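Inspection log for the structure reproduced underneath, given as structure tokens.
The values are calculated or read from the model by the stated rules, or taken from the named source; none is laboratory data. Predicted model only: the values in this text are computed from it and were never measured. Don't worry about glycine lacking a Cβ; one is built from the backbone with ideal geometry, like all the others, and counts go over all protein chains shown.
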Amino acid sequence: MCEHTTIPTEAKDLKTLPLMLDVETARQVPGCSDRYMRTLCESGQVRAVKLGRVWRVNRDSLLEFCGLA
């Protein structure tokens, strides 16, 4: 089981997140569900890689998608 990262409350601190995020951590940035985050990954709206059954979301792509980059 992997540990989830706590999302900083300040937008400027989001760049301190790891470069690749698990879905549970990534979904906290826009405040969406796990399912919707996986849909964003599958559709290519957010850059991500699938390792087996697990998605890893690119932090910078996610921040850009959310308008926080």
Only unsatisfied item for Leu17, checking (1) of a type outside the set (Val, Ile, Thr); (2) buried (at least 17 other Cβ atoms within 10 Å of the Cβ); (3) at pLDDT 95 or above, is (3)
Tally of residues being surrounded by 12 or more Cβ atoms within 10 Å (Cβ to Cβ) and outside any strand (DSSP E or B) across the range 20-35: 10
For the range 42-59, enumerate the residues that are assigned to a helix (DSSP H, G or I) and within 9 Å of the chain's Cα centre (by Cα). Arg59
First in the range 37-49 and among the small types (Gly, Ala, Ser), second anywhere and crowded, with 18+ Cβ neighbours inside 10 Å and not in a strand (DSSP E or B), Cβ under 8 Å, 6 or more apart: Ala48/Leu40; Ala48/Cys41; Ala48/Ser61
Extreme residue, surrounded by the most Cβ atoms within 10 Å (Cβ to Cβ), among residues of the range 41-69 that are in contact with a helix residue (DSSP H, G or I) (Cβ under 7 Å, 6 or more places away or on another chain) and within 14 Å of Leu21 (Cα to Cα): Leu62
